[in-house]
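To keep things clear, I will list the structure first and then write my remarks on it.
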Amino acid sequence: MIRSSKEIRLTTQEREVKNIFLSAVLLFLAVLIILIVYGIKNQSMESGEKDVKSIYLYLVLFATLMMIIGGSVSAFMAIADIVYPAPYYQSYQEFISMD
């Protein structure tokens, strides 16, 4: 089965989105683990309420950062598609049926 260039391009974009999503999830988990370890380490030194607030703040800031990065990448890809759209290749059967 021969796949068109648009189908190949979509699968490439899907792979890129999947890779970005997986790296964001891994980064989120790493930051979450670091914040939990930091919270446990400082729990004996300070009150627990302050740690919970700071962990919550960092998680919200991290989620906001991920949304900004994702939106920027999406906007850049949309602009790139407008500036340089995917070429359309006419098949031989379509050419013959134009008569």
Exactly one of these conditions fails for K41: (1) outside any helix (DSSP H, G or I); (2) surrounded by 10 or more Cβ atoms within 10 Å (Cβ to Cβ). Give me its number.
(1)
From the options D99, D81, residue that is outside any helix (DSSP H, G or I) and either charged (D, E, K, R) or modelled with pLDDT of 85 or more (or both):
D99
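Take E14 and decide whether it is among the acidic types (D, E), at pLDDT below 80 and open to solvent by less than 90 Å² (accessible area, probe 1.4 Å).
Numbers: among the acidic types (D, E): yes; at pLDDT below 80: yes; open to solvent by less than 90 Å² (accessible area, probe 1.4 Å): no.
For E14, the condition - among the acidic types (D, E), at pLDDT below 80 and open to solvent by less than 90 Å² (accessible area, probe 1.4 Å) - is not met.
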The condition from (1) loosely packed, with under 10 Cβ neighbours inside 10 Å; (2) modelled with pLDDT of 90 or more that P87 misses is numbered (2)
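The values are calculated or read from the model by the stated rules, or taken from the named source; none is laboratory data. Predicted, not measured: the structure shown is a model, and the values here were computed from it. Methodologically, a virtual Cβ is constructed for each residue, glycine included, from the backbone with ideal geometry; neighbour enumeration extends over all protein chains shown. When the accessible area is computed, the model is the full protein with side chains, heavy atoms only, and any ligands, DNA or RNA have been set aside. Shrake-Rupley method; radii C 1.70, N 1.55, O 1.52, S 1.80 Å.
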